[in-house]
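Notes for the one structure printed next.
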Amino acid sequence: MNFEGQHLLAIGDLTKEDLLKVIEVAGEIDKDMEKYKSLLNGKIVSTLFFEPSTRTRMSFQASMERMGGSIIGFSDVSTSSLQKGESLPDTIKIISGYCDVIVMRHPEAGSVAKAAEDSSVPVINAGDGPNEHPTQTILDLYTIMKEKGTLEGLKVGFVGDLRFGRTVHSLAMALTHFNPEFYFISPPSLAMPEKYLQELIKKGIKYRQEEDLLKVSKELDVLYVTRIQKERFVSPEEYAKVKGIYKLDKSLAQHIKEDAKILHPLPRVDEMNPELDELPQSIYFQQAHNGIPVRMALLGLVLGKLK
Ligand code: CP
């Protein structure tokens with residue numbers, strides 16, 4: 001697809017070629033970021049965050065800064081006129097007249113796509129509730145490609161909150177282009193939603209569901225760990241039933257392949273002991289830093305300054 005002027009709302013909107021294109025452009029940027037320092041001079045991104053964020057918001061902002069662009073927006077909705085009762089459609093109509101691209105995170109599934117209908121500029125989904133987080137997925141793919149040298153034919157395990165984990169949903173769907181084998185590791189109450197499993201069946205992708213990570217960990221090329229997301233549960237009692245169900249520490253080293261890679265979209269709470277950081281397989285901090293070249297690539301492509 002020609003990215004220029006397009007919204008980026010769901011990972012399913014991108015073909016395999018589109019994903020590889022962004023990865024290729026991000027790789028070029030990664031080699032020499034300085035070269036792109038004036039690329040987006042005069043361009044403005046608006047970051048509208050209705051949910052907390054460190055990595056996504058700041059890496060989009062840093063990416064814009066690194067390319068000479070400017071940033072407007074909010075991360076605290078109480079400082080905007082939404083607080084006075086202005087509607088979201090009106091807010092988007094106004095803000096899209098002030099900027100060249102909008103990056104938006106919102107707690108409701110589908111809300112970013114709905115906002116895009118009222119925008120006169122491209123809208124990038126920075127996470128819509130439990131639904132999708134497409135730019136995280138592209139940086140996950142970029143990280144896997146960089147560290148494993150390929151995306152093809154990998155055995156990928158996802159552990160933790162697979163029910164509400166939007167990063168899991170988007171990454172699993174994106175990887176279907178690359179002939180993967182999946183291992184979904186969770187308690188039944190946090191299992192991968194049926195709609196994604198049906199999609200895998202339709203595409204002939206092999207998957208296994210398991211509760212005990214150690215039963216399958218030796219098989220994995222990539223282990224994608226996720227946080228149990230307290231904020232998505234209907235009650236504290238429901239959360240308490242699964243809180244702390246997976247707690248990985250450095251003893252995991254005896255149960256994974258030497259060349260396996262451990263990813264996590266972060267933030268982490270109690271599912272990964274910081275001692276896990278010592279393992280050579282742990283690459284989640286590099287993964288978070290890869291958000292810069294990937295989001296620089298996306299902004300450059302959407303704003304028509306990169307091809
Ligand atoms: N991975 C991720 O989306 O992190 P933030 O919530 O900090 O943006």
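The values are calculated or read from the model by the stated rules, or taken from the named source; none is laboratory data. The structure presented is a predicted model; accordingly, all values stated were derived computationally and were not measured. Heads up, the Cβs are rebuilt from the backbone with ideal geometry, glycines too, and the neighbour counts pull from every protein chain shown. Keep in mind that these areas ignore ligands, DNA and RNA; they rest on the heavy atoms of the full protein, side chains included. Shrake-Rupley method; radii C 1.70, N 1.55, O 1.52, S 1.80 Å.
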(request) May I ask you to say which residue of Ser235, Ser189, Ser282, Ser217 is at negative phi, of a type in the set (S, T, N, Q) and crowded, with 22+ Cβ neighbours inside 10 Å? (result) Ser282
(message) Just the residues that are assigned to a loop (DSSP other than H, G, I, E, B), open to solvent by 60 Å² or more (accessible area, probe 1.4 Å) and out of contact with any Leu (no Cβ under 9 Å at 6 or more places or on another chain), please, taken from the stretch 249-266.
(response) Glu258, Asp259
(message) Any residue that is away from the ligand (no atom under 16 Å from the Cβ) and farther than 29 Å from Lys230 by Cβ - is there at least one of those in the stretch 53-66?
(response) yes
(request) Give the residue, chosen from Thr167, Thr143, Thr150, that is within 13 Å of the ligand (Cβ to nearest atom), open to solvent by 10 Å² or more (accessible area, probe 1.4 Å) and either assigned by TED's automatic domain parsing to the domain that holds Lys206 or among the small types (Gly, Ala, Ser) (or both). (result) Thr167
(request) Would you be able to say whether some residue in the stretch 72-79 is open to solvent by 50 Å² or more (accessible area, probe 1.4 Å), charged (D, E, K, R) and more than 14 Å from the ligand (Cβ to nearest atom)? (result) yes
(message) For the stretch 186-229, give me each residue that is of a type in the set (A, V, I, L, M), in a loop (DSSP other than H, G, I, E, B) and touching an Asp or Glu at 6+ places or on another chain (Cβ under 7 Å).
(response) Val216, Ile228
(request) Would you tally the residues in the stretch 126-140 being hydrophobic (A, V, I, L, M, F, W, C) and either surrounded by fewer than 24 Cβ atoms within 10 Å (Cβ to Cβ) or not in a strand (DSSP E or B) (or both)? (result) 2
(request) For the stretch 80-104, name all the residues that are under 16 Å from Pro52 (Cα atoms) and either open to solvent by 20 Å² or more (accessible area, probe 1.4 Å) or away from the ligand (no atom under 16 Å from the Cβ) (or both). (result) Ser80
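Every residue, every condition in (1) assigned to a helix (DSSP H, G or I); (2) more than 16 Å from the ligand (Cβ to nearest atom); (3) not basic (Lys, Arg), yes or no:
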position	(1), (2), (3)
Tyr239	yes, yes, yes
Tyr246	no, yes, yes
Glu275	yes, yes, yes
Val294	yes, no, yes
(request) Have a look at Gly157, Gly97, Gly73 and point out the one that is assigned by TED's automatic domain parsing to the domain that holds Val294, touching a strand residue (DSSP E or B) at 6+ places or on another chain (Cβ under 7 Å) and either in a loop (DSSP other than H, G, I, E, B) or at pLDDT 95 or above (or both). (result) Gly73
(request) For Asp277, work out the one condition from (1) surrounded by fewer than 19 Cβ atoms within 10 Å (Cβ to Cβ); (2) at pLDDT 95 or above; (3) over 21 Å from Lys146 (Cα atoms) it doesn't fulfil. (result) (3)
(message) Tell me the residue from Gln229, Gln254 that is in the same structural domain as Leu141 (by TED's automatic domain parsing), within 19 Å of the chain's Cα centre (by Cα) and closer than 28 Å to Asp277 by Cβ, please.
(response) Gln229
(request) Might you let me know whether the stretch 192-210 holds any residue that is crowded, with 22+ Cβ neighbours inside 10 Å and within 19 Å of Arg166 (Cβ to Cβ)? (result) no
(request) Go through the residues of the stretch 296-306 one by one and say whether even a single one is at pLDDT 95 or above and open to solvent by 30 Å² or more (accessible area, probe 1.4 Å). (result) yes
(message) Quick check on this structure: which one of Glu86, Glu17, Glu65, Glu108 is free of Cβ contacts under 8 Å to residues at least 40 places away in the same chain, under 22 Å from Gly165 (Cα atoms) and not in a strand (DSSP E or B)?
(response) Glu108
